[in-house]
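One structure is given below, encoded as structure tokens.
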Ligand SMILES: *Cc1c(COP(=O)(O)O)cnc(C)c1O
């Protein structure tokens, strides 16, 4: 189990509580918060370096992990955040990063060496796909793209030098669900590390460590931060793997700034209050869209029509705030619809309190050849919305008027 962080302050040592015996909501509020000088919230410790004391020299000599020496390694605010994420994910230990991609690149380049092999899926997050196909091979790391909706395809791709199976809870943007338990069974039978990106589900929606994952990665930019005001990342899980990753974080230099950590901690304290609204809005809007005459298909794991519905009810039964759907009339109609929205904001990213919309064909997936895009389910007319926590009636009114307006704008043939 995790050590308690000891924070040295002017008035002595403060021990942060783990609250591991308490429920998720309590942990998301209290775990990790450093009550320095009796403060209710962790104050912003905007200092790049710390006074060297005998105890800190000792910590340095012991490897420096979680020792307050220098803010690239660790800071009061990053320790508060990482403890909270560990408490929410049920993880032994973790490290915090300046972005989700810093967490992913440090994890993969830190655990893999020349001659190693990783199995992933072609529909992983775009930045992760770029790292795996554009960067890792340059360092002699072999990558095989299998299908994360088909655990057997992962097993078939395993070689003698395979070190990592890499998956995501929900794929972006078609929202397919990964059978995490089946993947864990395969990984551990072969002695391979299973890493999951749990960003889309959040620790409220899915608990991958309980399902057998060794490491869980988050872009904390999304649901954990929750307010579209900070970029960050985290990796949490097995203590032995995190201890291996800490020196890599120090060498690669992707540690987070204390002020960004402060915003992240503030956001995470309301995660358990925000997530049920994101998920309820997702389920509600998905259902309404499914019976709208201008919508060809809707993707949301709570819908009985979703191909992975039963699996979703096992892996992440509380649902999620992301929806995807296909507007009749192709990409031109999808664009007209998107541009007719007044309340829902046209921007990439997700997980904030405000609803965001994008069409993958001209944004996140624009560099993927059209034929491959269409084959992977990103058919013409595809729209993705990250539902915020606004009132569902206002969201629906905006969607309805935008569908109507876009129909009137259509050029008759
Ligand atoms: C956004 C995102 C990332 C990358 O995170 P950044 O914070 O933007 O670097 C990785 N994985 C998923 C699933 C994401 O949504």
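The values are calculated or read from the model by the stated rules, or taken from the named source; none is laboratory data. A quick note: this is a predicted structure, and the numbers were derived from the prediction, not measured. Glycine gets a Cβ as well: all are built from the backbone with ideal geometry, and neighbour counts include every protein chain shown.
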Next item on the list: Could you list, in sequence order, all residues of the stretch 218-272 that are within 16 Å of the ligand (Cβ to nearest atom), out of contact with any helix residue (DSSP H, G or I) (no Cβ under 9 Å at 6 or more places or on another chain) and under 14 Å from residue 82 (Cα atoms)?
Entry: 263
Check: Can you tell me how many residues in the stretch 110-148 are assigned to a helix (DSSP H, G or I), more than 15 Å from the ligand (Cβ to nearest atom) and in contact with a helix residue (DSSP H, G or I) (Cβ under 9 Å, 6 or more places away or on another chain)?
Finding: 4
Item checked: Of all residues making up the stretch 379-401, the number that are within 16 Å of the ligand (Cβ to nearest atom) and either assigned to a helix (DSSP H, G or I) or over 13 Å from residue 281 (Cα atoms) (or both) -> 1
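Just checking, which of 352, 319 is in a loop (DSSP other than H, G, I, E, B) and touching a strand residue (DSSP E or B) at 6+ places or on another chain (Cβ under 8 Å)?
352
Can you find a residue in the stretch 96-109 that is within 16 Å of the ligand (Cβ to nearest atom) and either over 18 Å from residue 248 (Cβ atoms) or assigned to a loop (DSSP other than H, G, I, E, B) (or both)? Let's see the steps before the verdict.
Applying the first criterion (within 16 Å of the ligand (Cβ to nearest atom)) to the stretch 96-109 yields 96-109.
In the following step, the residues that additionally are either over 18 Å from residue 248 (Cβ atoms) or assigned to a loop (DSSP other than H, G, I, E, B) (or both) were identified as 98-99.
Scanning the stretch 96-109, I find at least one residue that is within 16 Å of the ligand (Cβ to nearest atom) and either over 18 Å from residue 248 (Cβ atoms) or assigned to a loop (DSSP other than H, G, I, E, B) (or both), so the answer is yes.
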Checklist line | Number of the exception - residue 314 against (1) within 16 Å of the ligand (Cβ to nearest atom); (2) at pLDDT 95 or above; (3) under 30 Å from residue 212 (Cβ atoms) | finding: (1)
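Residue by residue, here is whether (1) in contact (Cβ under 8 Å) with a residue 60 or more places away in the chain; (2) under 19 Å from residue 326 (Cβ atoms); (3) surrounded by fewer than 21 Cβ atoms within 10 Å (Cβ to Cβ) holds:
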| position | (1), (2), (3) |
| --- | --- |
| 349 | yes, no, yes |
| 354 | yes, no, yes |
| 359 | no, yes, no |
| 371 | no, yes, yes |
| 374 | no, yes, yes |
| 383 | no, yes, no |
| 388 | yes, no, no |
| 396 | yes, yes, yes |
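Which count do you get for residues in the stretch 358-378 that are at pLDDT 95 or above and outside any loop (DSSP other than H, G, I, E, B)?
Taking the stretch 358-378 first, the residues at pLDDT 95 or above are 358-359.
Those still in the list that are outside any loop (DSSP other than H, G, I, E, B) too: 358.
Adding up the residues that qualify gives 1.
Checking the structure you have, find out if any residue of the stretch 208-220 is touching a strand residue (DSSP E or B) at 6+ places or on another chain (Cβ under 9 Å) and within 26 Å of residue 40 (Cβ to Cβ).
Here is the first cut: in the stretch 208-220, the residues touching a strand residue (DSSP E or B) at 6+ places or on another chain (Cβ under 9 Å) are 208-209, 211-220.
Within this subset, residues satisfying the condition of being within 26 Å of residue 40 (Cβ to Cβ) are 218, 220.
For the stretch 208-220, residues touching a strand residue (DSSP E or B) at 6+ places or on another chain (Cβ under 9 Å) and within 26 Å of residue 40 (Cβ to Cβ): present.
Could you list, in sequence order, all residues of the stretch 182-212 that are part of a strand (DSSP E or B) and away from the ligand (no atom under 16 Å from the Cβ)?
The initial filter retains those residues of the stretch 182-212 that are part of a strand (DSSP E or B), namely 193-197.
Hits for the stretch 182-212 are 193, 194.
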